[in-house]
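Note sheet for the following structure.
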Amino acid sequence: MNKNSLTIKKMALAAIFLVFGWILPLVTGRIPEIGNMLCPMHIPVMLCGFILGPWYGLIIGFITPLTRGFIFGMPTFYPTGISMAFELATYGLITGILYELLLKKSKIKHFVILYFILISSMLAGRIVWGIARVLCGLFDHHLFTWRMFLMGGFVTAWPGIIIQLIVIPILLEVLFQTKILEKLSVNYTNKSLKQILKKVKALMKKQDQLVIAIDGMAASGKTTLANEIAKKLDANIIHTDDFYLPSHLRTDERLNQLCCNIDYERLQSEVLEHINEHILYHKFDCKQMQQTEEFRLDYKKILIIEGAYSMHSILGKYYDLSIYLKTPSTKQEERILNRDGMTQLIKFKENWIPLERQYFDKYRIEKQADIVIYE
């Protein structure tokens with residue numbers, strides 16, 4: 001997804017969360033006894049922080065009570081609307097920041113992450129709300145006491161707190177497990193790319209050129225990641241698919257070796273030994289099982305070697321940064337099926353996936369990688 005379409009998607013989702021922040025109080029308001037205690041505006045703001053990130057969460061959190069007060073007359077602008085704006089902005093900001101940070105901790109269960117973030121943001125938001133009410137009280141000479149803070153922030157808000165602790169984790173967990181969240185959330189978009197770009201920029205301060213290897217499981221997104229990095233950093237990309245072993249080199253001795261289908265010698269002689277100049281190499285035609293015409297890449301400071309077996313020990317000496325992509329088997333099979341069809345999926349499961357596992361284990365690819373990306 002390019003930058004413009006991603007921005008449009010985020011703005012559209014943010015607008016939806018804003019509208020829900022306007023509408024939900026109308027629904028809960030039909031329950032006079034506890035309508036205000038349900039804190040209905042909190043839910044869409046927190047979801048916005050989780051799904052769109054901290055800055056959208058902050059903005060939507062801040063403008064939701066203010067715009068709702070302007071349109072519907074509730075909440076009143078001062079002091080309620082002002083203090084709520086800072087409170088909800090804190091919810092959106094904290095949920096977004098913590099989710100981006102903790103989502104990378106793959107060993108922590110997703111459900112545990114959600115509850116920790118919710119409780120942390122609720123406490124932080126209520127503290128900010130209390131500070132805002134105290135400051136408002138100084139201006140209008142209405143003292144905001146500790147008792148008023150506890151009553152407004154916790155005692156009368158307990159129904160809303162309970163609902164948020166039930167509804168938000170369940171909703172996000174369902175979206176997470178069904179992979180819908182992956183399609184919606186900016187926390188799943190370019191999350192790893194930022195880490196990689198930061199690492200590359202740090203390396204480029206120490207050296208004039210860089211060679212990056214991107215290896216990983218089949219259908220884990222290696223090519224997509226390589227393209228994203230190349231767009232950001234103006235890099236050349238070489239695909240290991242273009243260096244399959246031609247028919248005349250497929251001897252019994254060669255085919256008995258692990259990772260036997262890549263012509264590592266040609267990859268070295270045509271590409272990796274010429275990283276300081278323009279590169280001339282021959283792409284491989286899988287249908288004809290032979291090399292095609294010569295292809296030229298003008299010199300660029302960054303070169304990406306992408307594809308299966310790209311982190312083979314034979315090539316390790318050429319790399320400045322290595323990246324390994326790992327994805328669940330169910331997602332891997334689903335992607336292969338959608339991309340190549342059932343016939344190819346069967347071939348992958350019977351032949352290529354077992355071979356790649358042997359390769360990963362023998363050469364300890366995951367442990368050798370500088371950056372490991374888990375999906």
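Any read-out appearing in this document is the output of simple, stated calculations on the displayed coordinates, not a laboratory observation. It should be emphasised that the depicted structure is a prediction, and the values quoted were computed from it without experimental measurement. Neighbour counts run over all protein chains shown; Cβ positions are idealised from the backbone, glycine included.
Couplings for region 119-133, taken from phi via the Karplus curve 6.51 cos²θ - 1.76 cosθ + 1.60 with θ = phi - 60°, read 5, 4, 5, 4, 5, 4, x, 6, 5, 5, 4, x, 5, 4, 5 Hz in order; Gly and Pro are left as x. Tell me, how many Å apart are the Cα centres for region 209-260 and for region 287-335? Cα centres, region 209-260 to region 287-335: 2 Å. Stretching ASN338 away from ASP252 to a fully extended chain increases their span by 27.6 nm, per 0.36 nm per residue minus the current alpha-carbon distance.
Working from Cα positions, state the angle (0 to 90°, nearest 10) between the long axis of helix 3-28 and the longest principal axis of the chain. For 3-28 against the chain, the angle is about 30 degrees.
Please give the helix 191-204 orientation as an angle from the longest Cα principal axis of the chain, in degrees from 0 to 90, rounded to the nearest 10. It is inclined by approximately 60 degrees. Taking amide H as placed 1.01 Å from N in the peptide plane, the amide H of LEU321 sits under 5 Å from that of VAL211, ALA213, each at least 5 places away or on another chain. Computing Rg and the Kirkwood Rh from the Cα coordinates of region 3-185 gives a ratio, Rg/Rh, of 0.98. For the chain, set up a Gaussian network in which alpha carbons nearer than 10 Å are linked by springs, and say which option among ALA308, ALA14, ALA157 fluctuates the most. Highest fluctuation of the listed residues: ALA157. Think of the chain as having a plus end and a minus end, set by charges on the Cβ of Lys, Arg, Asp and Glu; of MET311, GLN257, LEU143, LEU143 sits farthest toward the positive end of this dipole. Couplings for region 308-316, taken from phi via the Karplus curve 6.51 cos²θ - 1.76 cosθ + 1.60 with θ = phi - 60°, read 4, 6, 5, 9, 4, 4, 4, 9, x Hz in order; Gly and Pro are left as x. The three principal axes of the Cα atoms in region 262-375 give end-to-end lengths of 42, 36, 22 Å, sorted in falling order. Kirkwood analysis of the Cα pair distances in region 8-86 returns a hydrodynamic radius of 12.5 Å. At full extension, THR292 and GLU350 could sit 18.0 nm farther apart than now, given 0.36 nm per residue minus the alpha carbon distance.
With a Förster radius of 35 Å applied to the beta-carbon distance between LYS301 and ASN261, the computed FRET efficiency rounds to 0.70.
Take the Cβ atoms of LEU26 and GLN268, set R0 to 51 Å, and the FRET efficiency comes out at 0.15. The long axis of helix 54-72 is offset from the longest Cα principal axis of the chain by roughly 30 degrees.
Applying a DSSP loop filter and a limit of 11 other Cβ atoms within 10 Å to the GluC sites (Glu not before Pro) in region 303-366 leaves nothing. Extending 7 Å from Cα along the Cβ direction at LEU197 and again at ILE170 yields two label points whose distance is 3.9 nm.
Starting from a Cα-only point model with no solvent, please compute log10 I(q)/I(0) by Debye for region 232-318 at q = 0.14, 0.17, 0.24 1/Å. For region 232-318, the Cα-only Debye profile gives -0.49, -0.71, -1.31.
Placing +1 on the Cβ of every Lys and Arg and -1 on the Cβ of every Asp and Glu, with nothing else charged, gives region 191-374 a dipole about its Cα centre of roughly 980 debye. Straight-distance candidates among the aspartates and glutamates for linking to LYS367, with alpha-carbon spacing under 14 Å and chain neighbours fewer than 8 residues away dropped: ASP215.
Remark: for residue pairs LYS194/LYS349; LYS231/LYS362; LYS199/LYS231; LYS109/LYS222; LYS231/LYS301; LYS300/LYS326, the C-alpha separation exceeds 23 Å in LYS194/LYS349; LYS231/LYS362; LYS109/LYS222; LYS300/LYS326. Among the trypsin sites (Lys or Arg not before Pro) in region 196-234, those located in a DSSP loop and surrounded by at most 10 other Cβ atoms within 10 Å of their own Cβ are LYS205, LYS206. Each of PHE116, PHE360, PHE243 was scored by other Cβ atoms within 10 Å of its Cβ. Listed from fewest to most, they are PHE116, PHE360, PHE243.
Once the chain from LYS283 to ILE127 is taken as fully extended at 0.36 nm per residue, the excess over their C-alpha distance is 50.0 nm.
When the Debye formula is applied to the Cα atoms of the chain, each taken as the same point scatterer, what base-10 log of I(q)/I(0) results at q = 0.06, 0.07, 0.08, 0.11 Å⁻¹? Results for the chain at q = 0.06, 0.07, 0.08, 0.11 Å⁻¹ read -0.35, -0.45, -0.56, -0.84.
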